[in-house]
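Following: one structure in structure tokens, then a few remarks.
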Amino acid sequence: MATPTRYAYHVEAAALEMSDRPRRFLEAFAAILRHGSYNVALDAYARMSAKCGRCASSCQLYQSTGAPEDIPCHRSELLLRVYRRYFTQSGVLKARLFGGFTLTDAYIDEMAEAYYRCTACRRCKATCPLGMDHGLVTHLARWTLAEVGVIPRALLVSVREQLEGNTHNTSAIPLPALKDSCEFLSEELHDIYDVDIPYPFDVEGAEYVFFPAVSDFLMEADTLMGNAAVMHLTGASWTIGSHNYDGINYGLFYSDRMMERIVNQLVGEVHRLKGRKILVGECGHATRSAWYVPTFGGPDAPPVVNCLEYAYAMLEAGKIPLKAEKIPERVTYHDPCNIARVGRITEQPREILKAICSDYVEMTPNRTKNYCCGGGGGTVSIDEIRAFRTGPMGQRKATQIRDTGAELVVSPCANCKKQLRELCQDNDLGDVQVVGLHDLLLRVIDFGTNGNGGAAEDAALGAESSGSRGADPMPVTAAAVATPDAAGEEGEES
Amino acid sequence: MNAWLHLARGPLFWTALVFMVLGLLRHLALTLWETARAYHRAGDKDIPVRRVLQDTGRWLFPLRHLGERWPYSLTTFAFHVGVILVPLFLAGHIELWRKGVGLSWPALPNAVSTVLTLVVIVAAFALVLERASARASRALGRFQDYALPLFIAVPFVSGLLVMHPVWNPFAADPTLLVHMLSADLLLFLVPLTKLSHMILLPLTQLVSELAWHFPPDAGSRVGVTLGKEGERI
């Protein structure tokens, strides 16, 4: 059972019935500090935080609300206060001598609200003169809160299905339905482009084992057709694993303990198939969590390649033939925080878009300084806070999109796409269509056949408003198995 | 008065200086130790060294990154320049070091030191005003955030008056005593307050990066410690 009464998001009833939460919170915090490496940062932050407020101006939420509780440094102080009081010698001594702060249930509730009003986009990190990473503090605080049961239900049920369910994926798509879905996509590719492009399953020894955000199979058919087309055209040896085909990792958003298990599950599938590399689909957080494969995967951990990196390399190598006609609409690009913030994937998608679009424009700011879509940190999966995501949290992004005058917003992230579509719907940007990068790439690939280009464009863009696309090509079988809990089935992260 | 001056210039100064140095060395040693430990435990030891160094250099010399509140940033920068240069390179201070322990080094011209001192004094008050006038920093501000800039100004104001007796409406010796006692207390406060960033700042970008490099089994170990290893999600 879920209840909306305590926080802005649903948590399971068991979490609300837990007794003695302050003690449990401190025990969890102690265990995390003991076994993790967060203390090295917390020590430095606790000692020298200057409270200058520079981070405030960089935060899109604070820009909207102007509320002190939305200043990144204020939010981090909530956890640092607990750290100082209970885990530093001076704090313990001061408390013994003078009393003062004590962790209470109410304080835990305050943290529970605060740390889910932050998308952990880490934009503020770049503006802190002292190098404090408020996204790191949010990440740590969420894990500690999770150990006392404070987890948005939308995230929890997805992880439960992924790690303990029958389907081992966050959208609860059974393998037969997935195969039907892929068969349908192959037929679509054949009908539209007159090409035979299979979705290979369980190919032992394949170079790439493919892990998209599993919800793409339900919601982003064009992206997946683009992925398959690129792999096919470039002659890649690739496969989808039948035991695990989900790149989503909500552990990144609320628990390193879960994140570790999910990454290990993914690595296990690659080893089972004797695959050589992990190929991650268009998903920001799936990519970032896959970058933790070397952390959790041991010395035999397979290398991780994002599909944007792959497509760009192949385009550069001349292995993806393009039609002479480019995408005519005005196109802009939204950088998913999880792949762009540290500058790892910023240029490859731009180079691809510049090669295939005749009117490409940048949002400002962009790349490592981009604004979050407003649904990062897993919050996009929490439908009950949509008004918050597309309101104060997303307004800055809506303004950015409006300023570009773009008709198409490209974002190679399933979560960003969901959020941006809702953002456009709720902010009078209904004419703007939100698509994946491979969706557009598919439109301009020259297959050397007599495929119907006009139909291809229609298929790629959809005839109706943004967000409606994706439901059309969903096979009946896949639609039938989609879990009724929308919050649990649609999300990944920017 | 002479005894007080001797005390402030001698035992108190040395005590405060040693306390500050040892305190900062403790911070440095602990941070380096924990940093090394975090690196040793990290499952992924591939640290983006270039980015860390770039970010570190960027914030050690932040003039190109003044941001939206550039007057505040510029004031802070000017304040730091004066606070670092004047105590270390004032001719009178170097002369004291030469007499006391036989060490000396090139000094700033007194006119430059005077200007920098004035900059620090003005900047200290400006910082307090700017903090109070900006909504975000006002909301975050603690007692120490207002008190420290003003307290730092005390040895600079008194030092200016000592250097320029014609501007000094007070007696020379009490002014000198205030200068030395406030400076001694300031040294003492450095490792106990946010002023400790003077030693930790070069390391913060590295520690922020390293904290993301998890030990490979930290999650499992936390689960075991909390008795949750077999627990259903």
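The values are calculated or read from the model by the stated rules, or taken from the named source; none is laboratory data. Note that this is a predicted model, so its numbers are computed, not measured. Don't worry about glycine lacking a Cβ; one is built from the backbone with ideal geometry, like all the others, and counts go over all protein chains shown. Ligands, DNA and RNA are excluded from the accessible area calculation, which covers all protein heavy atoms including side chains. Shrake-Rupley method; radii C 1.70, N 1.55, O 1.52, S 1.80 Å.
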The stretch A:289-311, residues that are under 24 Å from A:HIS438 (Cβ atoms), assigned to a helix (DSSP H, G or I) and open to solvent by 30 Å² or more (accessible area, probe 1.4 Å) | A:GLU309
Pairs under 8 Å by beta carbon, first residue surrounded by fewer than 18 Cβ atoms within 10 Å (Cβ to Cβ) in the stretch A:183-206, partner basic (Lys, Arg), six or more apart or different chains?
-> A:PHE201/A:LYS179; A:GLU204/A:LYS274; A:GLY205/A:LYS274; A:GLY205/A:ARG276
Quick one: how many residues across the stretch A:231-280 are within 14 Å of another protein chain (Cβ to nearest Cβ), polar (S, T, N, Q) and without any contact (Cβ under 8 Å) to a residue 40 or more places away in the chain?
-> 1
Has the stretch A:42-59 got any residue that is over 30 Å from A:GLN395 (Cβ atoms), of a type in the set (Asp, Glu) and modelled with pLDDT under 95?
-> no
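Would you point out which residue out of B:LEU32, B:LEU66, B:LEU17 is within 13 Å of chain A (Cβ to nearest Cβ), part of a helix (DSSP H, G or I), under 24 Å from the mean Cα position of the chain (by Cα) and not hydroxyl-bearing (Ser, Thr, Tyr)? So that I can check it myself, show each step before the final result.
Details: B:LEU66 fails: part of a helix (DSSP H, G or I); B:LEU17 fails: within 13 Å of chain A (Cβ to nearest Cβ).
Going through B:LEU32, B:LEU66, B:LEU17 in turn, just one is within 13 Å of chain A (Cβ to nearest Cβ), part of a helix (DSSP H, G or I), under 24 Å from the mean Cα position of the chain (by Cα) and not hydroxyl-bearing (Ser, Thr, Tyr): B:LEU32.
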Can you spot a residue in the stretch A:10-21 that is modelled with pLDDT of 95 or more, assigned by TED's automatic domain parsing to the domain that holds A:LYS125 and either assigned to a helix (DSSP H, G or I) or among the basic types (Lys, Arg) (or both)?
-> yes
Would you mention how many residues in the stretch A:35-56 are open to solvent by 10 Å² or more (accessible area, probe 1.4 Å), in a helix (DSSP H, G or I) and within 7 Å of chain B (Cβ to nearest Cβ)?
-> 5
Can you find even one residue in the stretch A:117-137 that is open to solvent by less than 40 Å² (accessible area, probe 1.4 Å), within 14 Å of another protein chain (Cβ to nearest Cβ), over 20 Å from A:ILE71 (Cβ atoms) and within 25 Å of the chain's Cα centre (by Cα)?
-> no
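Looking at A:ALA301, is it without any contact (Cβ under 8 Å) to a residue 40 or more places away in the chain, farther than 17 Å from A:GLY378 by Cβ and either out of contact with any Cys (no Cβ under 8 Å at 6 or more places or on another chain) or in the same structural domain as A:THR449 (by TED's automatic domain parsing) (or both)? Outline the logic, then answer.
Values: without any contact (Cβ under 8 Å) to a residue 40 or more places away in the chain: yes; farther than 17 Å from A:GLY378 by Cβ: yes; either out of contact with any Cys (no Cβ under 8 Å at 6 or more places or on another chain) or in the same structural domain as A:THR449 (by TED's automatic domain parsing) (or both): yes.
Here the answer is yes, as A:ALA301 does meet what is asked.
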Identify, by number, the condition in (1) more than 19 Å from the chain's Cα centre (by Cα); (2) touching a residue at least 60 places away in the same chain (Cβ under 8 Å) that A:HIS334 doesn't meet.
-> (1)
Residues of the stretch A:375-405 satisfying the condition of being under 25 Å from A:LEU308 (Cβ atoms), touching a residue at least 60 places away in the same chain (Cβ under 8 Å) and open to solvent by 10 Å² or more (accessible area, probe 1.4 Å) = A:ARG396, A:THR404, A:GLY405
Residue list for the stretch B:1-33, restricted to those being under 30 Å from A:ALA301 (Cα atoms) and without any contact (Cβ under 8 Å) to a residue 24 or more places away in the chain = B:TRP33
Close pairs from the stretch B:131-146: first in contact (Cβ under 8 Å) with a residue 12 or more places away in the chain and open to solvent by less than 20 Å² (accessible area, probe 1.4 Å), partner of a type in the set (S, T, N, Q) and in a helix (DSSP H, G or I), Cβ under 7 Å, at least 6 apart = B:ARG131/B:SER137
Would you say A:TYR86 is away from every other protein chain (no Cβ under 13 Å) and either open to solvent by 40 Å² or more (accessible area, probe 1.4 Å) or more than 30 Å from B:GLU130 (Cα to Cα) (or both)?
-> yes
Quick check: is even one residue across the stretch A:366-379 closer than 24 Å to A:LEU442 by Cβ, modelled with pLDDT of 95 or more and in a strand (DSSP E or B)?
-> no
